[in-house]
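Peer 1: Just dropping this structure here.
The values are calculated or read from the model by the stated rules, or taken from the named source; none is laboratory data. Since the structure is predicted, the reported quantities are computational estimates derived from the model, not experimental observations. Here the Cβ is made from the backbone with ideal geometry for all residues, glycine too, and neighbour counts use every protein chain on show. These area figures cover heavy atoms from the full protein model, side chains too; ligands, DNA and RNA do not enter into them. Shrake-Rupley method; radii C 1.70, N 1.55, O 1.52, S 1.80 Å.
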Amino acid sequence: MNPDLPAIGITEFLTDDERSVLSGYGEFVPVQADQILIAEGQAQDSLYLLVSGKLEIFTEQERRINLGVVEPGQCVGEVNMFDPKDASASVSGEGFSQAWRI
């Protein structure tokens with residue numbers, strides 16, 4: 001049985017029952033430190049909600065450039081849901097993290 005989504009970010013105003021149902025449509029994904037969750041230049045068709053930990057967003061066009069971090073309750077990958085193209089940046093774990101993917 002999958003755990004239920006916590007009340008953070010886009011799920012903050014859903015009821016417990018609504019979060020429980022929504023949890024079943026996706027899957028929880030563990031992300032290890034330095035593990036690539038989204039790879040720049042690769043096909044990307046998922047939305048990720050960060051449940052715990054921290055993710056780093058970066059690009060490596062000519063050299064590695066850090067673009068930002070993702071904190072619990074924030075999403076990544078949403079742009080590709082509406083404009084399906086290859087990922088424009090990479091996302092990796094900054095220590096152990098857990099994301100929910102749909």
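Peer 1: Taking the range 31-102, which chymotrypsin sites (Phe, Trp or Tyr not before Pro) meet the DSSP loop condition and have no more than 16 other C-beta atoms within 10 Å? Write out the running numbers ahead of the final one.
Peer 2: Working: sites: 48, 58, 82, 96, 100; in loops: 96.
Those satisfying the criteria are 96.
Peer 1: Got a sec? What order do 50, 67, 14 fall in by accessible area at 1.4 Å, biggest, i.e. largest, first?
Peer 2: On the way: 50 0, 67 105, 14 60 Å².
The ranking, largest first, comes out as 67, 14, 50.
Peer 1: If you roll a 1.4 angstrom probe over the protein chains with everything in place, what fraction of the accessible area of the chain belongs to carbon and sulfur, to the nearest %?
Peer 2: Values: 3170 of 6220 Å².
That share works out to 51 percent.
Peer 1: Equivalent ellipsoid semi-axes for the chain, as square roots of 5 times the alpha carbon gyration tensor eigenvalues: give them largest first, rounded to whole Å.
Peer 2: On the way: eigenvalues 122, 42, 24 Å².
In descending order, the three semi-axes are 25, 15, 11 Å.
Peer 1: A follow-up question, please. I'd like the trypsin sites (Lys or Arg not before Pro) in the range 44-97 restricted to DSSP loop residues with at most 14 other Cβ atoms within 10 Å, sorted by number.
Peer 2: On the way: sites: 54, 63, 64, 85; in loops: 54, 63, 64, 85.
Hits after loop and neighbour filter: 63, 64, 85.
Peer 1: Counting other Cβ atoms within 10 Å, which GluC sites (Glu not before Pro) in the range 2-74 have at most 16 and lie in a DSSP loop?
Peer 2: On the way: sites: 12, 18, 27, 40, 56, 60, 62; in loops: 12, 40, 60, 62.
Taking the range 2-74 and a limit of 16 other Cβ atoms within 10 Å, the loop GluC sites (Glu not before Pro) found are 12, 60, 62.
Peer 1: Tell me, what is the per residue accessible area of the chain in Å², probe radius 1.4 Å? List each step's numbers first, then the result.
Peer 2: On the way: 6220 Å² over 102 residues.
Value for the chain: 61 Å² per residue.
Peer 1: Kindly provide the helix-only [θ] at 222 nm of the chain, computed as the sum of -39,500 (n - 2.57) over DSSP H runs of four or more divided by all residues, to the nearest 500 deg cm²/dmol?
Peer 2: On the way: 2 runs with 13 residues, N = 102.
Helix contribution divided over all residues of the chain: -3000 deg cm²/dmol.
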